[in-house]
Amino acid sequence: AMTLMYLKQKTFYEAAASGPALRAASRCPLAQQRNCPTRKHNNAWRSTCRSESTNLRNQGGYEQELAASASPLDGAELPLGAGTPLIPVLVSDDEVSESRVAAAAVTPQPTIKVTGELRRKAWALSSVLKVFVSRVDPNYAQPWQMCPQRTGTGSAFVLDTNKRTILTNSHVVSNATAVYVRRPGAAKKFKAEIICDGKVCDLALLTVRDDAFWAAELRGLEFVDVPELQSPIAVAGYPVGGDNISVTKGIVSRIALVRYSATARLLSIQIDAAINPGNSGGPAFANLEGGKVAGVAFSKNVSSSTDNIGYIIPHRVVKHFLEDAEAYGTYRGVPSPGLLTQDLENPAQRAYLKVPEGTSGVLVVKTDPLSAAHGTVQKNDVILEVDGVSIADDGTVEFREDERLEFTHIIRAKHIDERIHLKLLRDGQELCVSYLLKAKDHLVPVLDAVDAVPSYLIVGGLVFAPLSSPFLEMVFGGGGGRRSRRADIPVPVLAALNQNKVRKGQQVVLLVQVLAHEINHGYRYSVVPCESFNGQRLHSLRHLVELVDKCDQPFLNFGLEGGRLITMRTAEVRGAGPQILSTNAISSDRSPDMLLPKPEDEDWDAAGEWDSTAAQADGGLGATGDSDLDC
């Protein structure tokens, strides 16, 4: 019986020694007081163990007593410090109290103090600035007004103290009405100005006019070329979660082409260091002590299926931006190859195109009608080399040892108006061609203030606007988030995104909405392409403005996609116009850019008469086929 009692005691105390109650007891300040709950807990269990010697047949009593005498400290999430001794289980009450007092006086963990030496080594952090921005974005859904003012913060860093330039991301200061910067550890904010905004590459150049800002000990940071894989990276900036500077560390994970904007995929460095909102525009150091910067933090992969994927803008893209800013005072963007290609890995296709063994390249699918490549490069040509660099059958070229990138990065690295040299295979014969590179002239504009502006025309309550990516983003959302309704975009509108311009200045005109009035009763259309007016095929929104203003017919007929028609009396439209504008608090029936004269290089008459059969044959909007957005 005594042996069995001892075994039960041993089992209980081994379980209790690892439980939360005794861990909490080791820090209990009431350990030496008579009313201490943990002391009563121990005494209660001694009584239980003594009673077990006289009643060993009560098999469930042990568990019942355990539940009944549980300490109120059980379940407490109090950590056990390193080196804290467990309370002995078979000792006197006084010894237990002494053990608890000793455990409560555990020496805290040492902290690392930031010494002057460490601060001197991290001098580059003094050049990392916090950016405060107030912005007002255009409203493409209701282009006669602006969006409400918003505020935000970001990061930036000093680039050149002699030129007094500061570098950040374009999306940090885009559409800003006021920009201020603040040095780390300082309280005062200084007004900054945007001297060059490169939306295509997501970079912006700032300056501060106040001499007091530059009187402090600031040093410009220097860039290094693309680091090797697994090179250490330290991202500095001001992300959400605090007001002081933050530094996160990681490594270079990959080199890849990433879509900076809807216009181009450019060279980028993937890292695993944390990049969060507010980090944008801050430097990613390759060497913090030396002030060497590998790139500019600008985005992260927010997919739920990925972790620790962030991107920084490398020196090659920054250099391209700075060279344009220095030469032209603005950023002109990156050139388009002017053609669309596909991989050439299938043996049968290679044989059909007469591609010799040991030769590789990509197949030209189509060319942009308004680019210099059109006519120089033909459909079914095989591009073998670009600027003397061989192209593999999968469309890649060698970047570094064991690393390959799409061949288009060579073209995107050039400046607009530079010449590109291609080696082609046409009908089994090799030839070399060259042409000047230009920026892509999209049928559907893709970037606000680059090729898109919030234009509109209101006729009899019908609101017309040109189709653009900013319009779709505002009306249907984007990025795949909770507010995204991309699946609701009408199919004819989506089809326009994959078409090229065939005439300069050409636009896709949309009937955006109908402002209700008795003269437009029965018409409930929204986001529908408008293809003609009174039988005349539309070239652009400005073309529609001219046709409506000069109309002397009794009826206005707007031909919509799919053969649908809207008809209103001319006199009623012109009479009800002021009332419709007043009811909806709209100051003008058209945007300011619709008041400009017709551009001399646009041929509106080339649009011709509207033929519904021909329109259905070519899509009714532009040239057929896919655009070269991904090239």
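Tell me the strands (runs of 3 or more DSSP E) entirely within segment 198-304 that contain at least 3 residues that are among the small types (G, A, S).
Result: 232-237, 246-261, 292-300.
Given the conditions (1) of a type in the set (S, T, Y); (2) within 18 Å of Q142 (Cβ to Cβ); (3) open to solvent by less than 40 Å² (accessible area, probe 1.4 Å), and given that Y525 satisfies all but one, which numbered condition is not satisfied?
(3)
Filter the helices (runs of 4 or more DSSP H) completely within segment 444-562 down to those with at least 2 residues that are under 30 Å from Y331 (Cβ atoms) and at pLDDT below 95.
Hits in segment 444-562: 469-476, 491-496.
Read through the list (1) more than 28 Å from D441 (Cα to Cα); (2) in a strand (DSSP E or B); (3) more than 29 Å from the chain's Cα centre (by Cα), then give the number of the only condition that F399 fails.
So F399 meets the others, but not (3).
Mind checking which residues of segment 404-442 are hydrophobic (A, V, I, L, M, F, W, C) and either farther than 18 Å from L266 by Cα or without any contact (Cβ under 8 Å) to a residue 24 or more places away in the chain (or both)?
Scanning segment 404-442 gives L422, L424, L425, L431, C432, V433, L436.
Residue under question is L384, and the condition is that it be buried (at least 16 other Cβ atoms within 10 Å of the Cβ) and either part of a loop (DSSP other than H, G, I, E, B) or without any contact (Cβ under 8 Å) to a residue 24 or more places away in the chain (or both); does it hold?
Taking the combined requirement at face value, the residue does not satisfy it.
Which numbered condition trips up G198, out of (1) under 17 Å from E326 (Cα atoms); (2) open to solvent by 50 Å² or more (accessible area, probe 1.4 Å); (3) not charged (D, E, K, R)?
(2)
List pairs: first residue in segment 443-462 and over 20 Å from M146 (Cβ atoms) and touching a residue at least 12 places away in the same chain (Cβ under 8 Å), second residue assigned to a loop (DSSP other than H, G, I, E, B) and among the hydrophobic types (A, V, I, L, M, F, W, C) anywhere in the structure, Cβ distance under 7 angstrom, at least six positions apart or on different chains.
L443/V508; V444/L467; V444/L497; V444/V508; V446/A262; G461/L515; G461/A516
Given (1) under 22 Å from the mean Cα position of the chain (by Cα); (2) in a loop (DSSP other than H, G, I, E, B), identify the lone condition not met by D394.
(1)
Assess whether K319 counts as being open to solvent by 10 Å² or more (accessible area, probe 1.4 Å), touching a residue at least 24 places away in the same chain (Cβ under 8 Å) and part of a helix (DSSP H, G or I).
Answer is yes for this residue.
The values are calculated or read from the model by the stated rules, or taken from the named source; none is laboratory data. Please read all numbers here as calculations on a predicted model, not as lab measurements. Please note: Cβ atoms are built from the backbone with ideal geometry, for glycine as well, and neighbour counts cover all protein chains shown. SASA here: full protein model, heavy atoms, side chains in, ligands and nucleic acids out. Shrake-Rupley method; radii C 1.70, N 1.55, O 1.52, S 1.80 Å.
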